[in-house]
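Structure first, then comments.
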Amino acid sequence: MSALLTAHWNTVTGALWVKCTSSGDVIADVNGVVDELGAYAALTSAGFSRRANWLIVPGAPHLRSLDVTRTA
């Protein structure tokens, strides 16, 4: 079974990163993401596919997260 991966996007700084949910290791890191479509494109370019839409992180309205998987 593959590791669970979560993408995080800071809408203020434009930073986007993918973390392994179980270990907390950062798998990918992208900067300069300015909008939602750009965030999806950055994930695709980094070799990931999304499993849902961005969710606002409770208590941190500038952060978004979603589950992703590696593309083959």
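Here, each number is a calculation from the coordinates, and none is a lab measurement. Note that the coordinates shown come from a computational prediction; the quantities given were computed from them, not determined experimentally. Don't worry about glycine lacking a Cβ; one is built from the backbone with ideal geometry, like all the others, and counts go over all protein chains shown.
Here is a check on your reading of the model: is V12 touching a Gly at 6+ places or on another chain (Cβ under 9 Å), in a loop (DSSP other than H, G, I, E, B) and hydrophobic (A, V, I, L, M, F, W, C)?
Numbers: touching a Gly at 6+ places or on another chain (Cβ under 9 Å): no; in a loop (DSSP other than H, G, I, E, B): yes; hydrophobic (A, V, I, L, M, F, W, C): yes.
Answer is no for this residue.
Just name the residue that is nearest to T69 (Cα to Cα) out of those in segment 1-55 that are out of contact with any strand residue (DSSP E or B) (no Cβ under 8 Å at 6 or more places or on another chain), surrounded by 11 or more Cβ atoms within 10 Å (Cβ to Cβ) and among the β-branched types (V, I, T).
It comes out as T44.
Here are some residues: T69, T13, T44. Which one is in contact (Cβ under 8 Å) with a residue 60 or more places away in the chain and on the phi < 0 side of the Ramachandran plot?
Numbers: T13 fails: in contact (Cβ under 8 Å) with a residue 60 or more places away in the chain; T44 fails: in contact (Cβ under 8 Å) with a residue 60 or more places away in the chain.
Criteria check complete, one pass: T69.
Looking at (1) within 17 Å of N10 (Cβ to Cβ); (2) over 9 Å from the mean Cα position of the chain (by Cα); (3) not in a loop (DSSP other than H, G, I, E, B), can you tell me which one A39 breaks?
(2)
Take I56 and decide whether it is in contact with a Cys (Cβ under 7 Å, 6 or more places away or on another chain) and in a strand (DSSP E or B).
Working: in contact with a Cys (Cβ under 7 Å, 6 or more places away or on another chain): no; in a strand (DSSP E or B): yes.
For I56, the condition - in contact with a Cys (Cβ under 7 Å, 6 or more places away or on another chain) and in a strand (DSSP E or B) - is not met.
Say whether the condition of being under 10 Å from the mean Cα position of the chain (by Cα) and touching a residue at least 40 places away in the same chain (Cβ under 8 Å) is met by at least one residue in segment 27-35.
Within segment 27-35, not a single residue is under 10 Å from the mean Cα position of the chain (by Cα) and touching a residue at least 40 places away in the same chain (Cβ under 8 Å).
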